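Since the structure comes first, as structure tokens, the remarks are kept for the end.
The values are calculated or read from the model by the stated rules, or taken from the named source; none is laboratory data. This is a predicted model, so every value here is computed, not measured. Heads up, the Cβs are rebuilt from the backbone with ideal geometry, glycines too, and the neighbour counts pull from every protein chain shown. What goes into the accessible areas is simple: the full protein's heavy atoms, side chains included, and nothing from ligands, DNA or RNA. Shrake-Rupley method; radii C 1.70, N 1.55, O 1.52, S 1.80 Å.
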Amino acid sequence: REKGDPRYFPHLEGRAHRDVGDRDAGQRAEHGGTRREAPDGRADEGAERLHVVDLDGAIKGQPVNLKVVEQIAEAVKIPVQIGGGVRDEETVQRYLNAGVAYIIIGTKAVNAPHFLRDLCLEYPRHIIVGIDAKDGRVAIDGWSKLSAHGVIDMAKQCEHDGVEAIVYTDIGRDG
């Protein structure tokens, strides 16, 4: 695989100990299975990595489901990447200590670029940026606001800062 080629990972998004289908922060639809049950089959299907989002954390601005994420990281045989509410280094360290391989920074990467640069230096090869966008602009705070930042400029800055990868979501299509 060449640098820059897209990679696709199964994902698990959750609130209040349930998977959710509709990822629009204002309209959640719950569907079958608990979060602990869901990842097992995905890992066994040959996935390289499991993408997990703490939707409660993204909205609240701090992790809400850390214990569940710890259980997932312990249960699956593939690397786990987590996003949603990661706004400080203590949270990054807690997730890494829990066995999560990659930490996704979203809102804080937009609002405090120095924070992202510092994390990339402190935790090389473990920091991913989540760029959620609508109409070419980067969304923040659990998709509740659009920033003034353009997607392309943000991606270029993240690459320059040394992120391991970028997870891009077009919330106009996928939200």
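Only one of these conditions is not met by Asp161: (1) farther than 26 Å from Ala47 by Cα; (2) at pLDDT below 90. Which number is it?
Of (1) farther than 26 Å from Ala47 by Cα; (2) at pLDDT below 90, only one is false for Asp161: (2).
Only one of Val64, Val100, Val86 is more than 24 Å from Gly162 (Cβ to Cβ), in contact with a helix residue (DSSP H, G or I) (Cβ under 9 Å, 6 or more places away or on another chain), in a loop (DSSP other than H, G, I, E, B) and β-branched (Val, Ile, Thr). Can you tell me which?
Going through Val64, Val100, Val86 in turn, just one is more than 24 Å from Gly162 (Cβ to Cβ), in contact with a helix residue (DSSP H, G or I) (Cβ under 9 Å, 6 or more places away or on another chain), in a loop (DSSP other than H, G, I, E, B) and β-branched (Val, Ile, Thr): Val64.
Restricting to the stretch 156-175, and then to whatever is open to solvent by less than 30 Å² (accessible area, probe 1.4 Å) and under 21 Å from Asp118 (Cα atoms), can you tell me which residue is nearest to the chain's Cα centre (by Cα)?
Val163
When the stretch 82-101 is examined, which residues are found to be surrounded by fewer than 22 Cβ atoms within 10 Å (Cβ to Cβ) and under 21 Å from Ile171 (Cβ atoms)?
Within the stretch 82-101, just Arg87 meets the criteria.
List the number of the failed condition for Pro39; all other conditions in (1) part of a helix (DSSP H, G or I); (2) modelled with pLDDT under 55; (3) out of contact with any helix residue (DSSP H, G or I) (no Cβ under 8 Å at 6 or more places or on another chain); (4) open to solvent by less than 30 Å² (accessible area, probe 1.4 Å) hold.
That leaves (3) as the condition not met.
Just to be sure, is Ile104 in contact (Cβ under 8 Å) with a residue 24 or more places away in the chain and open to solvent by 10 Å² or more (accessible area, probe 1.4 Å)?
yes
Just the residues that are over 14 Å from Ala112 (Cα atoms), among the small types (Gly, Ala, Ser) and open to solvent by less than 30 Å² (accessible area, probe 1.4 Å), please, taken from the stretch 137-154.
Ala139, Gly142, Gly150
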